[in-house]
1. If you scan the stretch 121-151, which residues turn out to be hydrophobic (A, V, I, L, M, F, W, C), under 14 Å from His231 (Cβ atoms) and touching a residue at least 24 places away in the same chain (Cβ under 8 Å)?
2. Does Glu65 satisfy being closer than 23 Å to Ala210 by Cα and either touching a Lys or Arg at 6+ places or on another chain (Cβ under 6 Å) or of a type in the set (Lys, Arg) (or both)?
3. Just checking, how many residues over the stretch 197-249 are part of a loop (DSSP other than H, G, I, E, B), more than 19 Å from the chain's Cα centre (by Cα) and at pLDDT 95 or above?
4. Every residue in the stretch 195-240 that is among the β-branched types (Val, Ile, Thr) and under 25 Å from Glu147 (Cα atoms), please.
5. Across the stretch 76-103, which residue is farthest from Ser32 (Cα to Cα) among those that are in a strand (DSSP E or B) and more than 18 Å from the chain's Cα centre (by Cα)?
6. Being surrounded by 14 or more Cβ atoms within 10 Å (Cβ to Cβ) and in a strand (DSSP E or B) is true for just one of Arg73, Arg106. Which residue is that?
7. Condition first: modelled with pLDDT under 80, of a type outside the set (Asp, Glu) and in contact with a strand residue (DSSP E or B) (Cβ under 6 Å, 6 or more places away or on another chain). Can you find one or more residues in the stretch 64-73 that meet it?
8. Kindly list the number of the only condition in (1) part of a strand (DSSP E or B); (2) closer than 17 Å to Thr230 by Cα; (3) over 17 Å from the mean Cα position of the chain (by Cα) that fails for Thr154.
Amino acid sequence: MTQPFDTVPVARGQGVALWRQIADELKSDILSGALGTEEGRLPTEKDLAARFGVNRHTVRRAIAELTAEGILRADQGRGTFVSERLITYPISSRTRFSEIIAAQAREPFGKLLASSEEPATAAQADLLGVEAGTPLIRIETLSVADEVPLIRATSWFPKALCPGLVADYAQTGSTTKSLARAGVTDYRRKETRILADLARVEDAQLLNIAIGQPLLITEALNVDPSGKPTHFTRTRIAAERVQLIVESL
């Protein structure tokens with residue numbers, strides 16, 4: 001929520017640079033929740049310059065310092081925003097979105113965006129241990145924490161393994177719960193490839209980030225306790241909200 005501020009000129013001639021005083025004042029306001037709109041946007045440089053009785057260049061220097069510290073972030077064409085507290089997302093043999101988010105006192109939610117049935121390509125068949133042309137179920141999902149979108153994912157499952165997957169995911173919002181309904185009570189991450197990319201239009205819209213913002217990409221193969229593949233997933237993660245932690249086994 002936007003808060004009105006009285007003009008509070010910074011102290012001059014006290015041995016502390018004006019931009020540093022402004023940065024400290026802004027940091028205090030941000031940590032107390034007193035600064036920024038509901039979407040986290042910082043007031044304009046003009047408004048901040050008027051508040052502190054300085055020129056825009058001085059304000060710009062303070063903002064640059066807080067951006068370097070990770071307290072603020074600049075979205076090209078949109079403005080400057082208060083950075084959100086990063087979600088820590090461990091990558092291990094047991095990676096479960098709902099468990100990870102709940103453990104950080106946030107509310108997880110999975111939304112089914114789209115689904116389709118398609119024949120396995122040669123590459124997909126090799127990954128999932130099936131014959132080329134085997135029917136696969138593909139689902140597009142959006143994983144959210146406290147109503148903030150974090151991860152867009154595309155997953156492929158052998159249809160024979162979980163024929164009711166689409167309806168189950170629509171009801172549960174959880175891959176783990178959906179597989180459990182199909183009799184797969186446990187699975188583990190066999191391997192994960194981590195890449196990087198820039199957000200294009202559709203990912204940017206779904207993740208509520210600016211086009212061109214960095215994405216973390218993971219490509220993961222999951223298997224059941226016997227080592228049989230259960231599904232392959234490719235995720236696009238909002239890098240400004242999530243940090244990946246690779247855990248040693």
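The values are calculated or read from the model by the stated rules, or taken from the named source; none is laboratory data. None of these values were measured; they are calculated from a predicted model. Every residue, glycine among them, receives a Cβ derived from its backbone with ideal geometry; neighbour counts consider all protein chains shown.
1. Correct list: Leu127, Leu128, Val130, Ile137, Ile139.
2. no
3. 5
4. Those that are among the β-branched types (Val, Ile, Thr) and under 25 Å from Glu147 (Cα atoms): Val201, Ile209, Ile211, Ile217, Thr218, Thr233, Thr235, Ile237.
5. This residue is Gly79.
6. It is Arg73.
7. Within the stretch 64-73, none of the residues are modelled with pLDDT under 80, of a type outside the set (Asp, Glu) and in contact with a strand residue (DSSP E or B) (Cβ under 6 Å, 6 or more places away or on another chain).
8. Of everything listed in (1) part of a strand (DSSP E or B); (2) closer than 17 Å to Thr230 by Cα; (3) over 17 Å from the mean Cα position of the chain (by Cα), Thr154 misses just condition (3).
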